[in-house]
Amino acid sequence: MKVKNSKSDVLSSDLVSSWPYYSNTSSVPQEYTDQVKAGSGMRLVLPIFAVGGGAKIMAWDGTSWSTLAEQNVIQPGLTAARPSSPVMGQMFFDSGLSPSKAIIWNGSAWVNMDGTSL
């Protein structure tokens, strides 16, 4: 994984999304962003996938979106090749799963992109 422009670590107070992923921040339903009030110290953290490739981990603080990390490439490989020390929000395309799919590290386990167990 190549990380560019890493602005911040994911905080323990962040709401790490188990909701579906989005192609841009304007497609995130307002009912999700309304849960985070400005000045509360909480953030909503979501993976945002760009059309044509690439991904960003974005955070909503109740006022604006910021980029936590930008990934140019989601590393692919077999299940045994998953990163051994992943960071929160790190994605991996697991070609050893059937069907092959992108997964994300939630801080303690690799999970489906919607947050459910593999």
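Tally time: how many residues in region 66-105 are of a type in the set (S, T, N, Q) and surrounded by 17 or more Cβ atoms within 10 Å (Cβ to Cβ)?
First pass over region 66-105, keeping only residues of a type in the set (S, T, N, Q): 66-67, 71-72, 75, 79, 84-85, 90, 95, 98, 100.
Applying the additional criterion that residues be surrounded by 17 or more Cβ atoms within 10 Å (Cβ to Cβ) yields 71, 90.
Qualifying residue count, region 66-105: 2.
Pairs are defined by a Cβ separation below 7 Å, a sequence spacing of at least 6 or placement on different chains, a first member in region 38-49 that is touching a residue at least 60 places away in the same chain (Cβ under 8 Å), and a second member that is crowded, with 19+ Cβ neighbours inside 10 Å; the pairs so defined are Pro47/Ala55; Pro47/Ile57; Pro47/Gly89; Pro47/Met91; Pro47/Ile104. Considering every residue within region 53-71, establish whether at least one is in a loop (DSSP other than H, G, I, E, B), farther than 20 Å from Thr116 by Cβ, modelled with pLDDT of 70 or more and within 16 Å of the chain's Cα centre (by Cα). For region 53-71, residues in a loop (DSSP other than H, G, I, E, B), farther than 20 Å from Thr116 by Cβ, modelled with pLDDT of 70 or more and within 16 Å of the chain's Cα centre (by Cα): present.
Filtered by the rule that a residue be farther than 16 Å from Val45 by Cα and surrounded by 15 or more Cβ atoms within 10 Å (Cβ to Cβ), region 106-118 gives a lone residue, Trp110. The single condition among (1) modelled with pLDDT of 80 or more; (2) touching a Lys or Arg at 6+ places or on another chain (Cβ under 6 Å) that Lys37 does not satisfy is (2). Filtering region 88-114 to residues that are within 20 Å of Tyr22 (Cα to Cα), touching a strand residue (DSSP E or B) at 6+ places or on another chain (Cβ under 8 Å) and assigned to a loop (DSSP other than H, G, I, E, B) leaves Met88, Gly89, Gln90, Ser100, Asn106, Met113.
The values are calculated or read from the model by the stated rules, or taken from the named source; none is laboratory data. These figures come from a predicted structure and were not determined experimentally. Glycine also receives a Cβ, built like all others from the backbone with ideal geometry; neighbour counts cover every protein chain displayed.
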